[in-house]
Amino acid sequence: MDLLDAYLPHVIGGVTYGLLLFTVASGLTLAFGVADVLNLAHGTVFMVGGYAAYLVTDGSWWGLVLAALAGTAAGAVFGGALSGAIMPLAGRGHMMQALLTFGVSMVVGNLLVQVFGSAELRPDLPDVLEQPVVFLGHNYPAYHLLFIGAAGLLAAAGWLVVTRSRVGALVRAMVDDQDMVAALGVNPKLVLAGVLAVAGALAGLAGALGAPILGPSLHAANTVLLQSLVIVVVGGLGSIGGAFVAALLVGQVHTLGVALAPEWSPYLLFAAMAVALLVRRPPQLLVGGRTT
Amino acid sequence: MTRLLLDTRVWTALAVAALAALPFAVDAYTLSSLSGIISLGLLAVSVAVLTGTAGLPSLGQVAPYAFGMYTTVVLIRAGVTEAPVLLLASGAAAAVFCAVIGPAVVRTRGVVFLMLTLAVGELTAQAAQQWKAVSGGTDGSGRLDPTVPFWGLEPLVDEPAVYWYCLAVAVVVTALAGWAARSTPGSLVRGVRDNEARMRADGHRVGAYLLGVFVFAGMIAGIGGSLLVTSQRMVFPSDVSFSISALVLMAVVIGGAASLGGALVGAGAVILLRDWTAAYLPGQGPLVLGALFIAAVYLMPGGLAGVLERIGLRRRKEAT
Amino acid sequence: MKHRLPRRALLLGTAAGLVLTGCTADDGASADTVKIGLIVPQTGVYEEVGNDMRAGFELYLETHNNELGGRKVELLVGDEGDGPATSYDVASRFVQQDEVVALTGIASGASYAEISVFAQEQGVPLIGSGGRPTLDPDQLEGLWHTSWISEENGTAIAPYMAENLDGPVYAIGPDYQGGHDQLRGFTENFLEAGGTLANPTGETTWTKFPDTDNFLPYFTEIAQTDAAAIYTFYAGAAAVNFVQQWAQSDAKDIPLYGAFLTEGSALTAQGDAAEGVYTVMNYSADLDNAANREFVSEWTAAGLTGQPSLYAMCSWDAASVLDQAIASIPAGEEVTSEAINAAVAELGEIDSPRGPWRFSDTHAPVQRWYLRQVQLDGQQLSNVVIQELATLGD
């Protein structure tokens, strides 16, 4: 019991971080599963959300709500713009998409740093949230607990949309068989724009709500992108449920792993990915025939 | 006369001669950066072999590059500084690594392949960063002893000597890669790239061919990694970071995916641009490079060669 | 086999041409102009530190007619990045291509360790104004320093903490050369002065650098020990995270001591969380002496934000050292690297915003150290000197 108590803060920290990553990774896995796009600017969308939150928060609760809205909107706009940039590359392969989005992430990321400066920026939260809160015998930043609640609700809502709604059914169908888009007569450009806007909105929201935990910076953008990629691979490409489990796992590696096995924690991600690849042979991994 | 002008062997010989004469024309700093560029040029050749021959654009060739690099570091620390040993061991270590991860990687295609190689490359870089005994972490390996080109010869200390060594190795390895691409196995792999289904139907062991290219490309990258140690005599985990992978893939795109010489030139152009922006627009490097990525993707669909083609500098090549 | 040969030929030719044209030497500076290479972080974790260092050096030039020792200055600024991976290349470019007569700046000890060897090989003096690792005392030719030696912060405060704290201290720091030097300076002297460490392992806890942004698990662990205080070293973005998370963690009631933690723009970002944090430094903007009053007022007059940090001050002093050294070279003579080096060795006391100091036998300042605490000074939080500590460097 003492042992459990000792590691509880790590576990809670890991859940917070894992939910943050899930919000980002779910967007990435959607873009990937539905539109077959590897979006290397996804971490930069997270950054945009963070800066949006920094701009609109003013220490009030309304400011916080506004931050979530602003982050979502900024992310959706950025995502939509990305889809516009990708469209002319149709038929030129995934590599070009990846290089383009990487170029965009470098340009936008560095411009943002020039505009906002390199100093650490944190959104202005309501005073109550700046105080530590005692939970099960330990101090936690109040905001972290609020974030767990909000992100948990978001995940539940997302789950309902994907499993119960008509749009969700369409999305699941498209992940399973991308040619279906054409068969249904849905405009593929519209699908690309829609999916990247939704993915962007998720990353922007994560950036806004996550800003007090992981402030906007180039470093944060890179970290979030890489860890989301690992989550998408481990969780199964295009699978939201898989991403959820994988995100919580990566969150624990990030905190509990560092505490229990600091030397080994960087390799744990590697190992998780290797195991996922070797044990499972999901059909998505064998997208045969198509070359870039 | 026109014949002679179009003969590549003449041009290649002239270009190599011009490059070999550079130490008489430029300062020591430029020479040592060029040695580093040659090392990355081999990495680009390795990517070009994968992308051009097999149609597998990798975002993670820094992984075998890192294996070659750190194999050389470990050997030099152990007192083994003779070039033949360093090159062979580094190439072999990288090839073994690729043979281990290859089976899982080469069965994927398209965006999944990009993603997997990216993850492998990035996690290798992280592992390098963490394994301090070998890499020294962020602080780097520290100064290493110079490479000895052959038993009984003087160590490579001066910038021109290092440069000539790197150039010689790169020319030999690139020629070898070009020869391999023209060989029978090379044409089989191109067959897979162009029509995988038909090759399978014809009973070819597609997976084995691709694994073979993957290992061969890894070996080239490993040798490139060894050259970096010889040229810089100090290496860092950031030498194998994701941005290097992306930069090199970009170089290959600019050079025209299937051309090995183009890959070398593309690498030279991209890295020189990076260094120049670092010199004249300090802190703005990433911004300029990012803009280059965007511009190249839109404006140079066929790489540098495509641009030359469009402005009429050379005749169109036959349809691909 | 497709016929790709002509393309390859053209490309190779282009490359050779590109290389040749790119490498022609640019401007030759006129005889009276002195070329100085300033290497500071312009990207990465220490970008803000680098901005301060650059501002300090440039402010000195601006307020001194863009001259050092009566000669016009051409200042080259290069990016140090996160360490030698970026900075070493810049140093070799400055020396081998641009042919600067002296190098200055350099925030991190790791960069310094590599560049100093190179500078000595090339015979170019290096006036460091940031972190410095311990160097071989017999290998100091051409290496000078206006800031601090990484171990000195810890050395200065260790006896104070051993004497005034009622219990062991938890030591934690970033896992790189500069962090190791900083923390070793503290732990060695602290143990010698009779203190004990609260770390369960008996040794300093290291955090991965620059990747650690969540310090909460460490604070939980610290709170489970019997630590009476925490001693640490972080700067820049890492310092912001560390202090903010400390203030909301299980360890919030354990006093936080450190080097650099609240210096420069870090304090602004930390906000109220930093109140009460102790730091040990060789400067504070509130020091009362004529040189500091001038420095602070020039800083404000130039429209630079906030109060000057010690990074800016040390860089200002590097310019000041070069100014005095070059001034002592007779007017007709060429300002060479050897001449500057010889002149710096002859310098006596340097009048500085931190108070007068001189170079010691280790080519670093003999200077006083201060214990400071973040307090509300009027409207804003600032680092207020609460006690003078030892004079170190001799």
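The values are calculated or read from the model by the stated rules, or taken from the named source; none is laboratory data. The shown structure was predicted, so the numbers you read here are calculated from the model rather than taken from an experiment. Note: ideal-geometry Cβ built from the backbone for every residue, glycine included; neighbour counts use all protein chains shown.
Between B:191, B:212, which is within 14 Å of chain C (Cβ to nearest Cβ), surrounded by fewer than 24 Cβ atoms within 10 Å (Cβ to Cβ) and without any contact (Cβ under 8 Å) to a residue 40 or more places away in the chain?
Working: B:212 fails: within 14 Å of chain C (Cβ to nearest Cβ).
The unique qualifying residue is B:191.
(1) under 21 Å from residue A:265 (Cα atoms); (2) surrounded by 22 or more Cβ atoms within 10 Å (Cβ to Cβ); (3) more than 9 Å from every other protein chain (Cβ to nearest Cβ): which one isn't true of residue B:134, the others all being true?
(2)
How many residues, within the range A:54-91, are closer than 13 Å to residue A:112 by Cβ and either modelled with pLDDT under 95 or aliphatic (A, V, I, L, M) (or both)? Don't jump to the end; show me each part of the working.
Start the filter on the range A:54-91 by keeping residues that are closer than 13 Å to residue A:112 by Cβ, which leaves A:54-55, A:74, A:78.
Then drop every residue that is not either modelled with pLDDT under 95 or aliphatic (A, V, I, L, M) (or both), which leaves A:54-55, A:74.
Of the residues in that region, 3 qualify.
Can you find a residue that is part of a helix (DSSP H, G or I), more than 14 Å from chain B (Cβ to nearest Cβ) and surrounded by 20 or more Cβ atoms within 10 Å (Cβ to Cβ) anywhere in the range A:166-178? Steps first, answer last, please.
First, pick out the residues of the range A:166-178 that are part of a helix (DSSP H, G or I): A:166-176.
Narrowing further to those that are more than 14 Å from chain B (Cβ to nearest Cβ): A:166-174, A:176.
Narrowing further to those that are surrounded by 20 or more Cβ atoms within 10 Å (Cβ to Cβ): A:171, A:174.
So far as the range A:166-178 goes, yes, one or more of its residues are part of a helix (DSSP H, G or I), more than 14 Å from chain B (Cβ to nearest Cβ) and surrounded by 20 or more Cβ atoms within 10 Å (Cβ to Cβ).
What pairs can you find where one residue is in the range C:185-200 and at negative phi and loosely packed, with under 13 Cβ neighbours inside 10 Å, the other is part of a loop (DSSP other than H, G, I, E, B) and modelled with pLDDT under 95, and their Cβ atoms are less than 9 Å apart, with a gap of 6+ or different chains?
C:200/C:224; C:200/C:225
Somewhere in the range B:244-257, is a residue within 14 Å of the chain's Cα centre (by Cα) and farther than 24 Å from residue B:291 by Cβ?
Within the range B:244-257, none of the residues are within 14 Å of the chain's Cα centre (by Cα) and farther than 24 Å from residue B:291 by Cβ.
Return the residue satisfying two criteria in turn: it lies in the range C:342-384 and is in a helix (DSSP H, G or I) and over 21 Å from the mean Cα position of the chain (by Cα), and of such residues it is surrounded by the most Cβ atoms within 10 Å (Cβ to Cβ). Even if it seems obvious, please write down each step before you answer.
Here is the first cut: in the range C:342-384, the residues in a helix (DSSP H, G or I) are C:342-346.
From the residues that got through so far, the ones that are over 21 Å from the mean Cα position of the chain (by Cα) too are C:342-343, C:345-346.
Working: C:342: 14, C:343: 20, C:345: 14, C:346: 9.
Among those residues, the one meeting the criterion is C:343.
Going through the range A:198-219 one residue at a time, which ones are closer than 24 Å to residue B:241 by Cβ and over 12 Å from the mean Cα position of the chain (by Cα)?
Residues satisfying the conditions are A:214, A:215, A:216, A:217, A:218, A:219.
Mind listing just one residue for me: the one in the range B:248-273 that is without any contact (Cβ under 8 Å) to a residue 60 or more places away in the chain and part of a helix (DSSP H, G or I) and, of those, surrounded by the fewest Cβ atoms within 10 Å (Cβ to Cβ)? First the steps, then the outcome.
Taking the range B:248-273 first, the residues without any contact (Cβ under 8 Å) to a residue 60 or more places away in the chain are B:250, B:253-254, B:256, B:265, B:269-270, B:273.
Those left that are additionally part of a helix (DSSP H, G or I): B:250, B:253-254, B:265, B:269-270, B:273.
Working: B:250: 24, B:253: 28, B:254: 27, B:265: 31, B:269: 23, B:270: 26, B:273: 17.
Result: B:273.
With respect to residue A:198, determine if the residue is in a helix (DSSP H, G or I), at pLDDT below 75 and not charged (D, E, K, R).
Answer is no for this residue.
Has the range A:126-143 got any residue that is surrounded by fewer than 16 Cβ atoms within 10 Å (Cβ to Cβ) and assigned to a helix (DSSP H, G or I)?
Yes - at least one qualifying residue is present in the range A:126-143.
Is it the case that residue C:59 is closer than 16 Å to residue C:311 by Cα and surrounded by fewer than 24 Cβ atoms within 10 Å (Cβ to Cβ)?
Details: closer than 16 Å to residue C:311 by Cα: yes; surrounded by fewer than 24 Cβ atoms within 10 Å (Cβ to Cβ): yes.
Here the answer is yes, as residue C:59 does meet what is asked.
Which one of the conditions (1) over 13 Å from the mean Cα position of the chain (by Cα); (2) buried (at least 23 other Cβ atoms within 10 Å of the Cβ) does residue C:65 fail to meet, given that it meets all the rest?
(2)
Within the group A:225, A:205, which residue is at pLDDT 85 or above, at the interface with another protein chain (Cβ under 10 Å from one of its Cβ atoms) and under 22 Å from residue A:85 (Cβ atoms)?
Working: A:205 fails: at the interface with another protein chain (Cβ under 10 Å from one of its Cβ atoms).
Result: A:225 is the single residue among A:225, A:205 that is at pLDDT 85 or above, at the interface with another protein chain (Cβ under 10 Å from one of its Cβ atoms) and under 22 Å from residue A:85 (Cβ atoms).
Restricting to the range B:170-227, give me the number of residues that are among the small types (Gly, Ala, Ser), more than 30 Å from residue B:159 (Cα to Cα) and assigned to a helix (DSSP H, G or I).
The qualifying residues number 10.
Consider the range B:137-154. How many of its residues are away from every other protein chain (no Cβ under 14 Å) and crowded, with 16+ Cβ neighbours inside 10 Å?
So the answer is 3.
Assuming residue C:134 fulfils every condition listed in (1) part of a loop (DSSP other than H, G, I, E, B); (2) in contact with a Ser or Thr (Cβ under 6 Å, 6 or more places away or on another chain) apart from one, which condition is it?
Going through the list (1) part of a loop (DSSP other than H, G, I, E, B); (2) in contact with a Ser or Thr (Cβ under 6 Å, 6 or more places away or on another chain), residue C:134 breaks only (2).
Using beta carbons and a limit of 6 Å, which pairs, at least six apart or on different chains, have the first residue in the range C:105-116 and in a helix (DSSP H, G or I) and the second one aliphatic (A, V, I, L, M)?
What qualifies is C:112/C:106; C:115/C:91; C:116/C:126; C:116/C:143.
Identify, please: which residue in the range A:87-96 is at the interface with chain B (Cβ under 8 Å from one of its Cβ atoms) and assigned to a helix (DSSP H, G or I) and is, among those, farthest from residue B:118 (Cα to Cα)?
The first filter runs over the range A:87-96 and keeps only residues at the interface with chain B (Cβ under 8 Å from one of its Cβ atoms), leaving A:88-89, A:92-96.
From what's left, assigned to a helix (DSSP H, G or I): A:88-89, A:94-96.
Working: A:88: 24, A:89: 21, A:94: 13, A:95: 12, A:96: 15 Å.
Out of the qualifying residues, it is A:88.
Give the residues of the range C:152-170 that are surrounded by fewer than 24 Cβ atoms within 10 Å (Cβ to Cβ), modelled with pLDDT of 95 or more and not in a helix (DSSP H, G or I), sorted by residue number.
C:168, the sole residue that qualifies.
Can you name the helices (runs of 4 or more DSSP H) wholly within the range B:1-102 that have at least 2 residues being closer than 21 Å to residue B:165 by Cβ and within 9 Å of another protein chain (Cβ to nearest Cβ)?
So the answer is B:8-21, B:28-48.
Just to be sure before I move on: is residue C:178 part of a strand (DSSP E or B), farther than 24 Å from residue C:358 by Cβ, touching a helix residue (DSSP H, G or I) at 6+ places or on another chain (Cβ under 7 Å) and within 14 Å of chain B (Cβ to nearest Cβ) in the structure I sent? Spell out how you get there, then give the answer.
Working: part of a strand (DSSP E or B): no; farther than 24 Å from residue C:358 by Cβ: yes; touching a helix residue (DSSP H, G or I) at 6+ places or on another chain (Cβ under 7 Å): yes; within 14 Å of chain B (Cβ to nearest Cβ): yes.
No, not satisfied.
Considering only the range C:113-161, how many residues are of a type in the set (A, V, I, L, M), under 17 Å from the mean Cα position of the chain (by Cα) and closer than 25 Å to residue C:388 by Cα? Quick ask: steps written out before the conclusion?
Residues of the range C:113-161 that are of a type in the set (A, V, I, L, M), as a first pass: C:113, C:115, C:117, C:119, C:124, C:126-127, C:135, C:140, C:143, C:149, C:156-158, C:161.
Checking which are under 17 Å from the mean Cα position of the chain (by Cα) leaves us with C:113, C:115, C:126-127, C:135, C:143, C:149.
Keeping just the survivors that are closer than 25 Å to residue C:388 by Cα gives C:149.
Of the residues in the range C:113-161, 1 are of a type in the set (A, V, I, L, M), under 17 Å from the mean Cα position of the chain (by Cα) and closer than 25 Å to residue C:388 by Cα.
In this structure, is residue C:272 in contact with a His (Cβ under 6 Å, 6 or more places away or on another chain) and within 14 Å of chain A (Cβ to nearest Cβ)?
Values: in contact with a His (Cβ under 6 Å, 6 or more places away or on another chain): no; within 14 Å of chain A (Cβ to nearest Cβ): yes.
No.
Find the residue count for the range C:53-104, including only residues that are out of contact with any strand residue (DSSP E or B) (no Cβ under 8 Å at 6 or more places or on another chain), within 14 Å of chain B (Cβ to nearest Cβ) and either in a strand (DSSP E or B) or over 24 Å from residue C:43 (Cα atoms) (or both).
Looking only at that region, the number is 0.
Report yes if some residue within the range A:16-34 is farther than 30 Å from residue A:252 by Cα and among the hydrophobic types (A, V, I, L, M, F, W, C); otherwise report no. Give the derivation first.
As a first pass, look at the range A:16-34 and keep what is farther than 30 Å from residue A:252 by Cα: none.
No, there is no match, as no residue in the range A:16-34 is farther than 30 Å from residue A:252 by Cα and among the hydrophobic types (A, V, I, L, M, F, W, C).
Can you tell which of A:52, A:31 is farther than 11 Å from residue A:228 by Cα, in a helix (DSSP H, G or I), over 16 Å from the mean Cα position of the chain (by Cα) and small (Gly, Ala, Ser)? Spell out the reasoning first.
Values: A:31 fails: over 16 Å from the mean Cα position of the chain (by Cα).
Just a single option satisfies the conditions, and that option is A:52.
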